[in-house]
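These notes are about the structure you will find just below.
The values are calculated or read from the model by the stated rules, or taken from the named source; none is laboratory data. Nothing here was measured: the structure is a model prediction, and the numbers come from that model. Neighbour counts are summed over all protein chains in view; Cβ atoms, including those assigned to glycine, are modelled from backbone coordinates with ideal geometry.
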Ligand SMILES: [Zn+2]
Ligand SMILES: [Zn+2]
């Protein structure tokens, strides 16, 4: 399969777009200038509000993520140990109990998924647009149909349907987010 020689623009190891603890900005973002904090859930510490102990990209650095949205339990339902929480424009804060971390007030600013890193690695093997050059199921080099949400391409409706049930249903929205980040100018 031919693979694009151009570099895929999303790189979760990038410290500006995906900052670790030492690179997280302390002020609100300028318009159109966002960052995404990637953390992995190490334990559920919920007492009243959903609260998770997370490990930063820099191994061994721990923070808490506290959900303060309306109906926080619903928004935190995907949060399980081992999953990753990605926080858009997270600003570090110290909570009243002295712990440091991030407070989630806008539910649209988080993305929780188990395999965010793996998906990113997968996308980097694709073209710059993040689109596979052949069907993701059978590798046939045709792109007749695709998922309207995340733009994954297939050779046929049969392959699209098979993928949806085996895997795609779980990763579609994460792929969509990665595609969106890919088109950003990180500056
Ligand atoms: Zn196919
Ligand atoms: Zn999709």
Give me the pairs, please: first residue somewhere in segment 73-94 and over 16 Å from residue 50 (Cα atoms) and assigned by TED's automatic domain parsing to the domain that holds residue 54, second residue anywhere and crowded, with 20+ Cβ neighbours inside 10 Å and modelled with pLDDT of 95 or more, beta-carbon distance under 6 Å, and either six or more positions apart or on two chains. 90/102
Got a sec? Which helices (runs of 4 or more DSSP H) wholly within segment 69-187 have at least 2 residues that are modelled with pLDDT of 90 or more and farther than 28 Å from residue 39 by Cβ? 157-163
Here the residues within segment 26-47 that are at pLDDT 90 or above and more than 17 Å from residue 116 (Cβ to Cβ) are 43, 44, 45, 46, 47
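Within segment 104-121, can you find the residues that are more than 13 Å from the chain's Cα centre (by Cα) and buried (at least 16 other Cβ atoms within 10 Å of the Cβ)?
The one that is more than 13 Å from the chain's Cα centre (by Cα) and buried (at least 16 other Cβ atoms within 10 Å of the Cβ): 104.
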Looking only at segment 135-166, and only at residues there that are surrounded by 13 or more Cβ atoms within 10 Å (Cβ to Cβ) and under 19 Å from the mean Cα position of the chain (by Cα), the one that is nearest to ligand 1 (Cβ to nearest atom): 152
